Amino acid sequence: MSGDIFQELKQFQEYANKMQQLMSEVRDQMPEYADGEDAQGAVRVRMIAGGVPESIKVASDWQRRQPPENLGAAVVEAYGSAVSEWMERWSGGLEQADWEARAHQLDGSLDQPASAGEPPVSPETFERDVRYVVPRPIEEVAEDVLTAFDVVERQNPESSVQPEARGGSAAHRVVITLGSQGLTSCEVDPEWAVQQSVVRLNQALDEALAEARAKSGSAQSGRQDAVADLNLGGLLEEAMAIMKNPRNFI
């Protein structure tokens with residue numbers, strides 16, 4: 001009976017290693033950036049991974065392409081175009097890698113009986129090094145894991161939603177809002193905009209975007225600190241160290 005349990009644990013470890021490798025390949029397929037423009041070509045936005053706008057630039061002849069009162073909407077439209085371009089390139093990369101078929105194949109591998117004569121595949125590149133981890137008794141680790149799951153489960157779902165972060169230029173002539181869906185709005189004072197050079201207008205967009213990104217990053221850091229307090233990484237290493245040594249189950 002114990003032999004069956006150990007074989008199933010080895011099978012699960014192999015599954016976890018292959019899943020980690022597959023997810024790493026999925027991340028590798030993500031484009032570093034994508035550019036998008038509004039339909040009239042007045043605004044160009046560059047987006048990087050995570051849906052974060054990296055830069056916003058208006059064309060030198062933007063007033064010929066868009067009326068001043070539509071400039072903010074053009075920024076949002078250009079961002080949406082960049083998102084579409086990013087998703088299209090990522091989807092193309094995943095399709096080339098045949099990711100969906102490999103994921104289905106991997107998902108079905110857990111339903112297959114473990115073969116005692118076939119050693120598990122353990123790509124060292126994707127394994128945690130737990131050679132020097134001295135785990136506590138399995139009962140203590142299991143109790144802490146259950147406690148951590150309980151803490152996460154009791155979290156308010158709304159607390160994980162990224163709050164909106166607003167950033168503005170000098171005198172708030174330009175205001176940009178970032179949320180869980182990326183760039184959600186851009187407000188530009190039309191009367192002020194028509195009196196500015198392209199250089200000054202782009203500078204104002206940079207100022208507003210930088211402040212919004214700084215506020216968004218600060219909020220994200222706070223949520224990560226709260227999760228870090230659970231020490232899930234340490235619990236995972238202890239659990240893996242236990243699984244690697246069958247004597248822990250005796």
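Miscellaneous remarks
- By accessible area with a 1.4 Å probe, ligands and nucleic acids excluded, highest first: order of 90, 62: 90, 62
- Scalar couplings 3J(HN,Hα) for region 176-188, obtained by applying the Karplus form with A = 6.51, B = -1.76, C = 1.60 to θ = phi - 60°, are 10, 10, 10, x, 5, 9, x, 6, 9, 7, 9, 10, 10 Hz; x denotes Gly and Pro.
- With every protein chain in place, region 35-101: carbon and sulfur % of accessible area (1.4 Å): 47
- 5 angstrom amide H check on residue 184, placed H, neighbours 5+ away: 177, 178, 179
- For residue 38, nonlocal amide neighbours, meaning residues 5 or more places apart or on other chains whose placed amide H falls under 5 Å from its own, are 43, 78.
- Kirkwood hydrodynamic radius of region 29-69, from inverse mean 1/r over distinct Cα pairs, in Å: 11.1
The values are calculated or read from the model by the stated rules, or taken from the named source; none is laboratory data. Model, not experiment: these values are computed from the prediction. Side chains are part of the model used for accessible areas, which takes the heavy atoms of the whole protein and leaves out ligands, DNA and RNA. Shrake-Rupley method; radii C 1.70, N 1.55, O 1.52, S 1.80 Å.
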